[in-house]
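Just so it is clear, none of the values below were taken in a lab; they were calculated from the coordinates. It should be emphasised that the depicted structure is a prediction, and the values quoted were computed from it without experimental measurement. Positions of Cβ are generated from backbone atoms using ideal geometry, with glycine treated the same way; all protein chains shown enter the neighbour counts.
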Amino acid sequence: MVNRDSALPQYSTVQLTSLVILRVLIGWHFLYEGIAKLISPHWTAASYLMESKWIFSGMFTWMASNPAVLALVDFMNIWGLIAIGLGLIVGGLTRIASIAGVLLLLLYYICNPPFIGYTYSMPMEGSYLIVSKNLIELFSLIVLIVFPTGSIIGIDRLLKRARGTIKKKTPRD
């Protein structure tokens, strides 16, 4: 086992490496998407929201048609993606970042699900009937919630140490 602190999860080296790589890759994807939207001067979620066809389509199209609400949605989407991405990459507040990522991806999925009979003006990337890249990434984040790594490799470890919730094993233990 990799970990020498008694209060931390015990993973094998392969398990820990795989989970940390998964966390960083998902973090990179969120961060990249957030920065890409931030630096694109004309980006807005309006067209994505207007395409909604499923259970909350009325709410999503209302959001797109209300300029003040749309501005808030755009702001929260961009900065949410950036914050979630950074949290996952550096292992800081990873549980919060993972839960926020699950909620954001769930909203994306509900807004534009890859169901048979739903057609969109833009082809959906990574859509295979019911399963989409959003759904796969959502469940990958659930894995990271269930098997946390930030407290082993990440800023969360430093935060736990500062709070005194991690005790180093002594040679007598």
Proportion of all alpha-carbon pairs of region 13-148 beyond 23 Å (%): 37
Pairs of Cα atoms farther than 15 Å apart, region 2-92, %: 68
Listed residues VAL131, LEU141, VAL69: farthest to the positive end of the dipole of region 42-157 (Cβ charges): LEU141
Peptide ranges 78-90, 51-63, 16-28 listed from the most packed, as the mean C-beta count within 10 angstrom indicates: 78-90, 16-28, 51-63
